[in-house]
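Every number in this text was worked out from the coordinates using simple rules, so none of it is lab data. Keep in mind that what you see is a predicted model, and the values were worked out from it rather than measured. A quick note on method: Cβ atoms are made from the backbone with ideal geometry, for glycine too, and the neighbour counts reach across all protein chains shown.
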Amino acid sequence: RGIRSVGVRAGRAVRELLWPGLCAGCGQPATSLLCDACRGTLVSGAEPGCPQCGRLDGVEGSPHTCGRCLKEPPAFWRARGAYGYGGLLQASISRWKNGPEEGLGRGLSELMTRAAPGLGWGQEDPGLVIVPVPVHWRRLARRGFHPPGMLARALGRHLGRPVIFGALRFTRPVPSSRGRGLKARRRRLRGALQPKDRAIMGASVLLVDDVMTTGATAEMAARACLRGGARTVEVACLARAL
């Protein structure tokens, strides 16, 4: 199985070298994951939404704090997605997470770093470190790669900030929470995330994930960072639920 996996990855790499890239949306030649026209269909994370949890509401006017954050303020001071979760981006992320494709991973990472300047991630904070949301080793072995880790590495290079991969760890495997609500997701995560590395002591943490839906994972990971001595926690994700 390992030899076959290496062969598949090598074949993909050769195809990427020999043929021009194709837009993941329309299939036309493109120099990045999406051509200009398809990239224009993405919903920017800078659109109006909750200034705390980053949930996009599509309502024109000044940003307003959502009811959930007013009732129960999150452990992180701010969360922002590079784009809204849906359409071409959702399809590309699902394809990437269900079968690792290096070209697709690079393209999604580029989309995230392209949005960074407009979202203010890590600006004017010399003590900032980047921490990817961790994955349990069993899921990592099954999937073969770590999507938040790839995005964090790209964002670290773009921002010129250190990436600390061992800051958090899962103490036990957590069943998939797909389709479940906030309370159910929090119950499944309770006690599962713990700080591991003292390197975040006194640091400002930029917590990186691929998709943020209910915010349960970001909340539990942010709490773990604070228990590990982090001064503040901000969340950056590739896609935020609309």
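Evaluate E = 1/(1 + (r/R0)^6) for residue 136 and residue 102, where r is the Cβ-Cβ distance and R0 equals 25 Å; express this FRET efficiency to the nearest 0.05. Intermediate results must be reported in sequence, preceding the final value.
Working: r = 23 Å, r/R0 = 0.92.
Once the sixth-power term is evaluated, E becomes 0.65.
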Quiz item: Taking 0.36 nm per intervening residue step and subtracting the Cα-Cα distance, what contour gain separates residue 198 from residue 165 on full extension?
Solution: 10.7 nm
Quiz prompt | Extreme residue, positive dipole direction of the stretch 98-140, given options 98, 118, 130 (C-beta unit charges) | solution = 98
Quiz item: Roughly how many whole Å is it from the C-alpha centroid of the stretch 117-148 to that of the stretch 52-102?
Solution: 15 Å
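Label the stretch 85-142 by shape, choosing from rounded, prolate and oblate, from the square roots a ≥ b ≥ c of the eigenvalues of the Cα gyration tensor; if a/c is under 1.5 it is rounded, and otherwise prolate applies when a/b is larger than b/c, oblate when it is not.
Numbers: a/c = 2.59, a/b = 1.35, b/c = 1.92.
Verdict is oblate for the stretch 85-142.
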